[in-house]
1. Counting only Cα atoms, I'd like the Rg/Rh figure for region 169-241, Kirkwood definition for Rh.
2. What residues qualify as long-range amide H neighbours of Arg129, i.e. H under 5 Å apart, gap of 5 or more or another chain, H built at 1.01 Å from N?
3. Along the Cα-to-Cβ line of Glu442, 7 Å from the Cα, sits a label point; which residues in region 351-394 have backbone N less than 14 Å from it?
4. Given the pairs Lys50/Lys228; Lys356/Lys417; Lys50/Lys192, which are separated by over 19 angstrom at their Cα positions?
5. Relative to the compact-globule scaling 2.2 N^0.38 Å, provide the ratio for the alpha-carbon radius of gyration of the chain.
6. Cβ neighbours within 10 Å, averaged per peptide: list 54-60, 268-274 in order, most packed at the top.
7. Cα centroid distance between region 67-88 and region 403-470, in Å?
8. Sort the following peptides by mean Cβ neighbour count (other Cβ atoms within 10 Å, averaged over residues), highest first: 446-459, 282-295, 344-357.
Amino acid sequence: MKFSASKIGAVALSAAALLSTAPGAAVAAESVYMNPNAGITKVWKKNPEKYGQPLSAEKCVKGKGCEQIFENAVLTWNQRNGVDALMGADRVKAYQQAGGVAAVGAVESDAWNHAQCGPVVTTYDGSTRWLVVVGDEKAKAASKLDLSSQAAKDWKTTRNQTGACFTGSEHTPEPQQPAPTPEHPVGDGWEKVNDYISARVLYSIDEGINFQYDVYEVFDARTGYTGKMDGRVYNEFIKNPDFFGKFTHTHQVGDDRGGARYNFFVSIFERPSGETVEAWGDKIASVKYTLYSAPDANGQSTATNGVIDNEPAFTPTDPVNVDWSQQSYLHFPGLPNEEGGALFYQDGENSAIIIKADANGKPVAGAQAYRSDWLGYFMSREGRFDINQATEWGYGGYFGWFNEVSTLGAPIAEQQKVTENGVTYLTQEFEHGSIKWEVPAEGAVAQDAVITLHPDAAAALAEYEKTLDY
């Protein structure tokens, strides 16, 4: 089997045609090169209206990350966080005055409102996190603080009492009128939930049994912040607001590759006591979180991990009640180059019901559906970066080739539970062989099933493998 590579063209935009809105930005007469393979370019191309046109080429500093300035934002990248954006020309200017990626590394999120320092952004330079002031409301823009320094530890112990930003960030602002209380957004799907929270559903995720939830946009009048929130977290936040505190900002994990398993939102909350809660969705309806204590006299915090378990009790579906016209068809299960495959329905995190299907994706006449906990378990744990036996069975693994697992075909008998030397196994007969799988204990990593093919199926697979061009 041979693979061909397509040529990828470079992207270049004429900077002479660009109108800069960034203060002091100079537009070169020559083209601004956009590296087509860079994560920054890929994020920008998804929403060029939001970020504006590029004002500079991508600049990378070894070990620290990369940055590229646009009309309305600076996009940065580093290996730990991927691509993040700092929005607003004035805030981009402050970040650049602080030294940009060369001095403080890549941003970790958009700016957020710090109780003592006003608009700030945190950055990471490959070894140290920084706090950078990007607005003049409460402290001097472009001030920065090494968060691992002794100065940072000292400040964290006194900031709640003094109400002051860190040393070196002071300025005397002009008298200002008190900021008005942020108004709740209205229209366009927004609903006021209570005196301080409004929300709307932005879109829904539907990528398998553990990845079915809404993504909300949430406004918190106590902080003036508006950001995305996993629906599973949102439900708990509304149910128990005192546990979480004020919604301060959201961090997006992932680089948009691999679906919801690898791309999700972590919402950050701040309690009146100074504790911080970071929360994200888990499984069908649960929430995982990390609770950081308020800093002690030495500026140290402790982290406690927890789970809010809302998982529904599993009620197995009777296979005779499955509507196979609505289920997913896979052509791989079966002998190499055999017509037809299988249909499957996953009714639980560790369970799937499977039936033999013809080449048109319909159940074979007279075929009976059987449950397979082995395949159901691995189906819940497969993804772009997690190739396992469910992937091999249904899709031919990473390369899309028939293999020992796919050659099994569909199950033809109920699974059987057996115990040997205190270890529980599931065994099951398939069209062209059988499996023996050690059932994992709670929280343990499952081992692959042992596959035994019938002699004729093993021979057919061996002949097929001779045709592969490795």
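1. Working: Rg = 16.4 Å, Rh = 14.3 Å.
Result for region 169-241 is an Rg/Rh of 1.15.
2. Amide H neighbours of Arg129: Leu147, Ser148.
3. Output list for this probe position: empty.
4. From the list (Lys50/Lys228; Lys356/Lys417; Lys50/Lys192), the Cα-Cα distance tops 19 Å for Lys356/Lys417; Lys50/Lys192.
5. Taking N as the residue count of the chain, the ratio is 1.20.
6. For the peptides 54-60, 268-274, the packing ranking is 54-60, 268-274.
7. So the two Cα centres are separated by 47 Å.
8. Most protected by this proxy first, the peptides run 344-357, 282-295, 446-459.
A short reminder: the numbers here are calculations on the coordinates, not readings from a lab. The structure displayed is predicted, hence computed values, not measured ones. So basically every Cβ, Gly included, is an ideal-geometry build from the backbone, and we count neighbours across all protein chains shown.
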